[in-house]
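To start, the structure itself, in structure tokens.
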Amino acid sequence: MRRVIALLGLPLLVVAAGCAPVGSVAADPMDHEWEAFHQRAADIADAWRADPGRAAGFVPLQGPTVLTGDPKFDPDTEAAFQAGWYRDQIELPAAVPAPGTVRFPDGPTTVPLISAAEAYRQLDQGDPPPCDGRPMNPPGRPAATGPATEPGPDTPVHTEAPTACVPLTVTGARLGTVPLRTTRGTAEVPAWLFTVAELAVPVARVAVAPAAVTEPSDAARPDRPAPENVVGAQGLERVDGTRLRYTVGVGSCDTGITPLVTEWDDLVVVGAGVVRSTGVCDMMLKLEPVEVDLRAPLGDRPVLDAVTATPLRLDEAARWR
């Protein structure tokens with residue numbers, strides 16, 4: 001069963017300016033203005049179902065770093081999580097554990113795993129940049145080696161409330177599992193669970209060895225280009241029951257942004273329609289968050305981009321804002 005809707009959106013303002021208003025009126029499904037989008041979505045859906053690799057292997061639809069609950073972010077800890085700034089306060093085991101099991105809805109699969117030390121190396125993306133005049137260790141957080149304040153020309157006269165510029169502190173690690181969206185539904189996946197002093201819940205890093213992870217196939221992408229007035233989705237920000245929030249990439253002079261969705265019982269295809277500028281315009285790409293409502297909760301259904309046919313990954317930090 002297919003359901004098609006087009007929700008009225010807001011004009012483009014700035015990067016991540018806002019969403020289509022809650023309660024937008026659905027366009028008449030018989031309106032043929034976006035028929036090219038819906039036809040492309042149908043082609044993508046047919047090709048996705050026909051791809052033999054879709055139901056085989058371990059193809060994640062989320063990133064490998066997962067929060068195990070509400071982390072109780074503040075602006076500083078969210079920035080550190082998004083950037084991958086960590087420091088370890090323990091010795092992390094380098095021994096590779098025995099193979100583990102990914103438990104899909106359609107059955108289990110045995111996979112090789114990586115060590116806690118390797119998982120941490122993948123998790124840690126470096127150190128924060130120097131932060132002139134801001135404390136490296138705000139009150140109540142673990143102390144770091146080095147001066148309490150980064151030196152800078154404004155340090156003596158800094159009067160604003162300081163903003164922390166610190167990595168997240170790993171104080172423990174254990175092997176467990178985490179639920180993860182995949183092309184075969186939500187699976188229980190082996191993961192290293194890192195205790196982080198600044199967060200309310202552990203940060204999980206998928207422990208499946210890279211050799212056992214399959215990249216999404218591009219077999220569902222149609223041969224012909226997307227319609228000129230259709231833009232693609234860049235990422236899935238949030239899922240709230242039947243409501244999807246995602247970002248689309250639009251030109252800086254595009255207007256009339258209209259979130260578009262075509263929905264089936266087994267998958268969802270999203271994108272947006274735009275009105276292209278007829279005048280001179282730069283080539284800058286801007287990200288615009290939009291929302292659509294589905295006829296039923298998303299559940300295990302994958303969400304595919306209407307331009308590339310790529311499954312969208314859920315933004316882990318955005319889930320908890």
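Going by the structure shown, is residue 216 under 19 Å from residue 42 (Cβ atoms) and either in contact with a helix residue (DSSP H, G or I) (Cβ under 8 Å, 6 or more places away or on another chain) or part of a loop (DSSP other than H, G, I, E, B) (or both)? Here the answer is no, as residue 216 does not meet what is asked.
Looking only at residues in the stretch 245-270 that are buried (at least 24 other Cβ atoms within 10 Å of the Cβ) and either in contact with a helix residue (DSSP H, G or I) (Cβ under 6 Å, 6 or more places away or on another chain) or free of Cβ contacts under 8 Å to residues at least 60 places away in the same chain (or both), which one is nearest to residue 48 (Cα to Cα)? Checking each candidate, the answer is 269.
Tell me whether the stretch 79-100 contains one or more residues that are part of a strand (DSSP E or B), out of contact with any Gly (no Cβ under 8 Å at 6 or more places or on another chain) and small (Gly, Ala, Ser). Even if it seems obvious, please write down each step before you answer.
Our first condition is that a residue be part of a strand (DSSP E or B); within the stretch 79-100, this holds for 86-88, 100.
Among the residues that remain, those that are also out of contact with any Gly (no Cβ under 8 Å at 6 or more places or on another chain) are: 86-88, 100.
Right, trim to small (Gly, Ala, Ser) and you get 100.
Yes, because at least one residue in the stretch 79-100 is part of a strand (DSSP E or B), out of contact with any Gly (no Cβ under 8 Å at 6 or more places or on another chain) and small (Gly, Ala, Ser).
Considering the stretch 29-70, the residues that are in contact with a strand residue (DSSP E or B) (Cβ under 8 Å, 6 or more places away or on another chain) and among the charged types (D, E, K, R) include one that is modelled with the highest pLDDT, namely 40. The number of residues in the stretch 144-185 that are modelled with pLDDT of 90 or more and in contact with a helix residue (DSSP H, G or I) (Cβ under 8 Å, 6 or more places away or on another chain) comes to 5.
Meeting the requirement of 2 or more residues that are more than 18 Å from residue 61 (Cα to Cα), the strands (runs of 3 or more DSSP E) wholly within the stretch 235-321 are 243-251, 255-263, 268-275, 285-293.
I'd like to check something: does the stretch 90-100 contain any residue that is of a type in the set (D, E, K, R) and either free of Cβ contacts under 8 Å to residues at least 12 places away in the same chain or closer than 16 Å to residue 209 by Cα (or both)? Walk me through how you get there before you give the answer.
Start the filter on the stretch 90-100 by keeping residues that are of a type in the set (D, E, K, R), which leaves 91.
Checking the rest, the ones that are also either free of Cβ contacts under 8 Å to residues at least 12 places away in the same chain or closer than 16 Å to residue 209 by Cα (or both) come to 91.
Looking for residues that are of a type in the set (D, E, K, R) and either free of Cβ contacts under 8 Å to residues at least 12 places away in the same chain or closer than 16 Å to residue 209 by Cα (or both), one finds at least one in the stretch 90-100, hence yes.
Take residue 70 and decide whether it is under 12 Å from residue 203 (Cα atoms) and surrounded by fewer than 17 Cβ atoms within 10 Å (Cβ to Cβ).
Working: under 12 Å from residue 203 (Cα atoms): yes; surrounded by fewer than 17 Cβ atoms within 10 Å (Cβ to Cβ): yes.
Considered against the rule, which asks whether it is under 12 Å from residue 203 (Cα atoms) and surrounded by fewer than 17 Cβ atoms within 10 Å (Cβ to Cβ), residue 70 comes out as yes.
Looking at residue 267, is it within 30 Å of residue 74 (Cβ to Cβ) and under 19 Å from the mean Cα position of the chain (by Cα)?
no
Which count do you get for residues in the stretch 209-238 that are charged (D, E, K, R), within 26 Å of residue 275 (Cβ to Cβ) and free of Cβ contacts under 8 Å to residues at least 24 places away in the same chain?
Total satisfying the criteria: 1.
For the stretch 222-231, the count of residues that are assigned by TED's automatic domain parsing to the domain that holds residue 47, surrounded by fewer than 17 Cβ atoms within 10 Å (Cβ to Cβ), modelled with pLDDT of 90 or more and touching a Leu at 6+ places or on another chain (Cβ under 9 Å) is zero.
The values are calculated or read from the model by the stated rules, or taken from the named source; none is laboratory data. All of these numbers come straight from a predicted model, not from anything done at the bench. Using ideal geometry, Cβ is built from the backbone for each residue, glycine included, and neighbour counts are taken over all protein chains shown.
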